[in-house]
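What follows is a short report on a single structure.
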Amino acid sequence: QVQLVESGGGLVQTGGSLRLSCVASGSTFTKYSFGWFRQAPGKEREWVAGISWSGGNTYYGDSMKGRVTISRDGAKNTVYLQMYSLKPDDTAVYYCTVAPIGWSLVESEYRYWGQGTQVTVSS
C-alpha cells in the first residue's frame, strides 16, 4: 500500500519561501512519477509541479512557474517542492501524489495522494 506523507507547510509572509517534503513508502518507486498539486478554498485543484523518479523529466504548472523547484532524493524516498517569492494567492492545501508509471502528465493516472499540507501566505 503506497503511502505519502507531506510536511513543511505553514504560515509565511509575502515574498517568503517554504520547502515542502513528501515521504513515500509502500513500494519501489523507480518507475513512478511524482507530483504536487494544490487546492485553494472554492477553487479547482491545480497542478504545481511533477517529476519522474529518475529526475530526468520535470513539469511546472503555469501558476508557480519560475517560483518553484521540484526535486527528489531517491535514497530517502522523498520528493521536495521548494517555493520562492510566495504570494497570498499561493495559499492552499498542497498535496503530494504518485502515478505508477515512469512519467505522466495525465492527472487521472495519479492514483495515490497524501493528506495534504496547508500553506498560508499572509499579506
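Given the conditions (1) open to solvent by 60 Å² or more (accessible area, probe 1.4 Å); (2) in a strand (DSSP E or B); (3) free of Cβ contacts under 8 Å to residues at least 60 places away in the same chain, which single one is not true for Ser71?
Exception for Ser71: condition (1).
Any idea which of (1) without any contact (Cβ under 8 Å) to a residue 60 or more places away in the chain; (2) charged (D, E, K, R); (3) in a strand (DSSP E or B) is the one Glu44 doesn't satisfy?
(3)
Looking at this structure, is Tyr32 in contact (Cβ under 8 Å) with a residue 60 or more places away in the chain and surrounded by 14 or more Cβ atoms within 10 Å (Cβ to Cβ)?
Numbers: in contact (Cβ under 8 Å) with a residue 60 or more places away in the chain: yes; surrounded by 14 or more Cβ atoms within 10 Å (Cβ to Cβ): yes.
Yes.
Quick one: how many residues across the stretch 61-85 are farther than 17 Å from Gly26 by Cβ and β-branched (Val, Ile, Thr)?
So the count comes out to 3.
Would you be able to tell me the number of residues in the stretch 47-61 that are surrounded by fewer than 16 Cβ atoms within 10 Å (Cβ to Cβ) and assigned to a loop (DSSP other than H, G, I, E, B)?
Taking the stretch 47-61 and keeping what is surrounded by fewer than 16 Cβ atoms within 10 Å (Cβ to Cβ), we get 54-58.
Now restrict to residues that are assigned to a loop (DSSP other than H, G, I, E, B): 54-57.
Residues flagged as surrounded by fewer than 16 Cβ atoms within 10 Å (Cβ to Cβ) and assigned to a loop (DSSP other than H, G, I, E, B) within the stretch 47-61 amount to 4.
Considering (1) part of a loop (DSSP other than H, G, I, E, B); (2) of a type outside the set (Phe, Trp, Tyr); (3) surrounded by 16 or more Cβ atoms within 10 Å (Cβ to Cβ), say which one Cys22 fails and leave the rest.
Every condition holds for Cys22 apart from (1).
With the requirement that a residue be within 18 Å of Arg38 (Cα to Cα) and either surrounded by 15 or more Cβ atoms within 10 Å (Cβ to Cβ) or of a type outside the set (Val, Ile, Thr) (or both), what does the stretch 4-15 give you?
Residues satisfying the conditions are Leu4, Glu6, Ser7, Gly8, Gly9, Gly10, Leu11, Val12.
Looking at (1) of a type in the set (A, V, I, L, M); (2) outside any loop (DSSP other than H, G, I, E, B); (3) farther than 15 Å from Leu4 by Cβ, which is the one condition that is false for Met64?
All conditions are met except number (2).
The values are calculated or read from the model by the stated rules, or taken from the named source; none is laboratory data. Small disclaimer: the values here were computed from a predicted structure and weren't measured. So basically every Cβ, Gly included, is an ideal-geometry build from the backbone, and we count neighbours across all protein chains shown. The protein model used for the area step is the full one, side chains on, heavy atoms only, and it has no ligands, DNA or RNA in it. Shrake-Rupley method; radii C 1.70, N 1.55, O 1.52, S 1.80 Å.
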